[in-house]
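Q: Take this structure, written in structure tokens, and hold onto it; I'll ask about it next.
The values are calculated or read from the model by the stated rules, or taken from the named source; none is laboratory data. Note that this is a predicted model, so its numbers are computed, not measured. Glycine gets a Cβ as well: all are built from the backbone with ideal geometry, and neighbour counts include every protein chain shown.
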């Protein structure tokens with residue numbers, strides 16, 4: 001009988017996130033992976049059933065970490081598709097937008113060594129913008145930046161599937 005498979009959710013140099021199926025053996029998984037040379041930190045999230053590993057790419061490769069997780073958890077690796085992520089509704093505009101933003105996010109992650117992604121920089125920029133608006137004086141109507149943030153959240157929730 002084939003084993004269930006883990007999914008590699010994020011793989012940029014220095015940062016690896018894998019999602020494990022319900023049948024995976026997670027007992028001491030975090031401890032096992034965190035003891036590998038080059039692994040800086042390892043954190044299990046029961047809510048998302050994912051293991052986030054921060055590592056030094058010069059000392060250990062992501063494949064070695066994934067192999068250890070596969071062996072410890074008793075799962076297989078899900079086949080990786082080279083096809084770009086497409087929204088569930090099949091909208092070509094949404095698919096193009098997802099592909100463009102995903103590419104930008106990947107390039108930013110690689111350029112910063114995994115420190116910065118759009119998921120970090122966009123909320124940070126909008127938070128700083130909000131703080132600036134709050135310190136300028138009386139509270140005004142909904143600024144465009146808040147409307148943009150709501151639009152981003154709605155697009156993300158209804159068009160991008162299989163992400164953290």
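Q: Specify the residue that is farthest from residue 112 (Cα to Cα); the eligible residues are those in the stretch 12-29 that are under 18 Å from the mean Cα position of the chain (by Cα) and surrounded by 18 or more Cβ atoms within 10 Å (Cβ to Cβ).
A: Among those residues, the one meeting the criterion is 20.
Q: Continuing with this model, one more query. With respect to residue 113, determine if the residue is at pLDDT 80 or above, part of a helix (DSSP H, G or I), under 30 Å from residue 149 (Cβ atoms) and under 18 Å from the mean Cα position of the chain (by Cα).
A: Spelling it out, it is not the case that residue 113 is at pLDDT 80 or above, part of a helix (DSSP H, G or I), under 30 Å from residue 149 (Cβ atoms) and under 18 Å from the mean Cα position of the chain (by Cα).
Q: I would also like to ask the following. Looking at 37, 2, can you tell me which residue is part of a loop (DSSP other than H, G, I, E, B) and modelled with pLDDT of 90 or more?
A: 37
Q: A follow-up question, please. Considering only residues that are surrounded by fewer than 19 Cβ atoms within 10 Å (Cβ to Cβ), touching a residue at least 12 places away in the same chain (Cβ under 8 Å) and out of contact with any helix residue (DSSP H, G or I) (no Cβ under 6 Å at 6 or more places or on another chain), which ones fall in the stretch 1-11?
A: Listed by number, the residues that qualify are 2, 3, 4, 5, 7, 8, 9.
Q: Of (1) part of a helix (DSSP H, G or I); (2) loosely packed, with under 15 Cβ neighbours inside 10 Å; (3) modelled with pLDDT under 75, residue 162 satisfies all except one. Which?
A: Among (1) part of a helix (DSSP H, G or I); (2) loosely packed, with under 15 Cβ neighbours inside 10 Å; (3) modelled with pLDDT under 75, the lone unmet condition for residue 162 is (1).
Q: If a residue has to be touching a strand residue (DSSP E or B) at 6+ places or on another chain (Cβ under 7 Å) and surrounded by fewer than 13 Cβ atoms within 10 Å (Cβ to Cβ) to count, how many in the stretch 46-76 make the cut?
A: Summing the residues that are touching a strand residue (DSSP E or B) at 6+ places or on another chain (Cβ under 7 Å) and surrounded by fewer than 13 Cβ atoms within 10 Å (Cβ to Cβ) in the stretch 46-76 gives 0.
Q: Do we find a residue being within 17 Å of the chain's Cα centre (by Cα), in the same structural domain as residue 31 (by TED's automatic domain parsing) and at pLDDT 80 or above anywhere in the stretch 65-74?
A: Checking the stretch 65-74: at least one residue is within 17 Å of the chain's Cα centre (by Cα), in the same structural domain as residue 31 (by TED's automatic domain parsing) and at pLDDT 80 or above.
Q: Could you tell me whether residue 150 is assigned to a helix (DSSP H, G or I), surrounded by 12 or more Cβ atoms within 10 Å (Cβ to Cβ) and either at pLDDT below 70 or not assigned by TED's automatic domain parsing to the domain that holds residue 10 (or both)?
A: Considered against the rule, which asks whether it is assigned to a helix (DSSP H, G or I), surrounded by 12 or more Cβ atoms within 10 Å (Cβ to Cβ) and either at pLDDT below 70 or not assigned by TED's automatic domain parsing to the domain that holds residue 10 (or both), residue 150 comes out as no.
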